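For reference, the structure discussed in these notes is given below.
The values are calculated or read from the model by the stated rules, or taken from the named source; none is laboratory data. Values in this document were obtained by computation on a predicted structure and should not be read as measured data. When we count neighbours, we look across all protein chains shown, and the Cβ atoms used for this are built from the backbone with ideal geometry, even at glycine.
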Amino acid sequence: MKSRIGVTLLSLLLVISAVAIGCAPAAPSGTGSSDAPAADESQADEPTQAEGKTYKFVYQCGAPISTPYGDHAKAYAAEVAAASNGRIEITVKDAGEVVPTHEVTDAISKGVVDISQPNSSFDIGRLGPVVYLFGTSGFPAGPDPMEYLAWVYEGGGLDRINEVYGGQYNVIIPAQVVVYPAEILCHSNKKIQSLDDLKGLKFRTMGPWAEVMESFGTSIVTVPGGEIYECAQRGVVDAFEYCGPAVNWTMGFHEIAKYIGVPGIHSPNCSNLLMFNNDEWNSLPGDLQEILRIVGQERSLRDYLDVSTRDAIALDKYIEYGTEFFTLPDDVQIAIVERSGEFTQMHCEEDAVYKAIYEQQLEFVKKWRTRQEILQPKYSLFHES
């Protein structure tokens, strides 16, 4: 199976090269015929109205702009500007600067914001639990980043996402961005060593992980990322999860919590949707749509590599700072996997759309994982004995 991620990187280079040498885009299909008269040579080099127009968009970041989320949003804007030769200008705003973070899908649909990178879990109240399958942060025992990204681009996942969102909102998702690796299980001032330790614990989270935690007697608190620090300081929460080591370090969480819990079984993957207002998208010439799409797909891989590297560096920072780590016991992890499976089956029984998408995703990811288990060697020069 040919990897579309590799093709995406090559395609982006071709697009940028074409712009650099001044190649005009091919005429859209259906706009002319082979026996049409040749264009006047004196007008051949003059751009059409669409080619000469500059399109300006507002992009509200899906998380605080001071984190890698902001860096990646700004990188996307810069790469699009370069590839379009300045025909697209994207202004990146901080999370919550234009509208509250959890309302961004509505805002894009109405044209209040043009672009954003929302986590699909923001839309649970609008679209139901099916959004949990779309790369949401906090899908316990779900697919890892590469398994999920392969499903999106090679397994038909992007079409399923657009069918769900486009059926209710005036939006289009051309790519999945902010693809990040497994998160930190939690920051806390108490070790979690058994299921009993979860009872009565005031824990900040959202999405499927909130469902699983509540079933174990945990008290769930849901607040935006920018409010976590203050909530933890004031004792509103006893423990919390947000992102991985790199993002969380920039949030200063090491200053308010003694422990870090691992592994990130609650969120093996965190991916956000690159979402556009559909009317704005349709107003664009085809070549600019393709640039926005290709750069978004390219950022999928680049964001993952960047944050994975930053996470490795940040882990050293936590150790140097004196943060203590604890590992969730195997029996607790197994209980989490089993409970997550129970909720997944419940959603399948209640929602036919969820069931169809989950079963298709499950089949694809199993094939991908089987390949990994059969072909990828277990032992390596880089594995510590």
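Annotation note: Cβ proximity below 6 Å between a residue of the stretch 161-186 that is closer than 20 Å to residue 356 by Cβ and a residue that is part of a strand (DSSP E or B) (sequence gap 6+ or interchain) occurs for 161/173; 162/173; 165/171; 173/273; 173/275; 176/271. Against the list (1) out of contact with any Lys or Arg (no Cβ under 9 Å at 6 or more places or on another chain); (2) modelled with pLDDT of 95 or more; (3) buried (at least 19 other Cβ atoms within 10 Å of the Cβ); (4) of a type in the set (A, V, I, L, M), the condition residue 337 fails is (3). Could you pull out the residue among 290, 227, 214, 280 that is acidic (Asp, Glu) and touching a helix residue (DSSP H, G or I) at 6+ places or on another chain (Cβ under 8 Å)? Result of the check over 290, 227, 214, 280: 290. In summary, residue 337 fulfils each of the numbered conditions (1) touching a residue at least 40 places away in the same chain (Cβ under 8 Å); (2) in contact with a helix residue (DSSP H, G or I) (Cβ under 7 Å, 6 or more places away or on another chain) with the single exception of condition (2). Assigned to a loop (DSSP other than H, G, I, E, B) and within 25 Å of residue 127 (Cα to Cα): is that true of residue 168 in this structure? Yes, satisfied. Each residue in the stretch 279-310 was checked for being among the small types (Gly, Ala, Ser) and surrounded by 20 or more Cβ atoms within 10 Å (Cβ to Cβ), and 2 of them qualify.
Count of the stretch 99-128 residues, restricted to those that are among the acidic types (Asp, Glu) and buried (at least 19 other Cβ atoms within 10 Å of the Cβ), is 2.
Taking the conditions (1) free of Cβ contacts under 8 Å to residues at least 60 places away in the same chain; (2) closer than 23 Å to residue 209 by Cα in turn, residue 128 satisfies each one other than (1). Taken over the stretch 243-265, the criterion of being out of contact with any strand residue (DSSP E or B) (no Cβ under 7 Å at 6 or more places or on another chain) and β-branched (Val, Ile, Thr) is satisfied by 247, 250, 256, 265.
Residues in the stretch 230-242 include at least one that is touching a strand residue (DSSP E or B) at 6+ places or on another chain (Cβ under 6 Å), within 23 Å of residue 308 (Cβ to Cβ) and free of Cβ contacts under 8 Å to residues at least 60 places away in the same chain. Applying the criterion of at least 1 residues that are under 20 Å from residue 174 (Cβ atoms), at pLDDT 95 or above and touching a strand residue (DSSP E or B) at 6+ places or on another chain (Cβ under 9 Å) to the helices (runs of 4 or more DSSP H) found wholly in the stretch 42-160 leaves 68-83, 104-110, 145-154. Scanning the stretch 161-170 for residues that are crowded, with 19+ Cβ neighbours inside 10 Å, farther than 25 Å from residue 265 by Cα and within 16 Å of the chain's Cα centre (by Cα) returns a single hit, 165.
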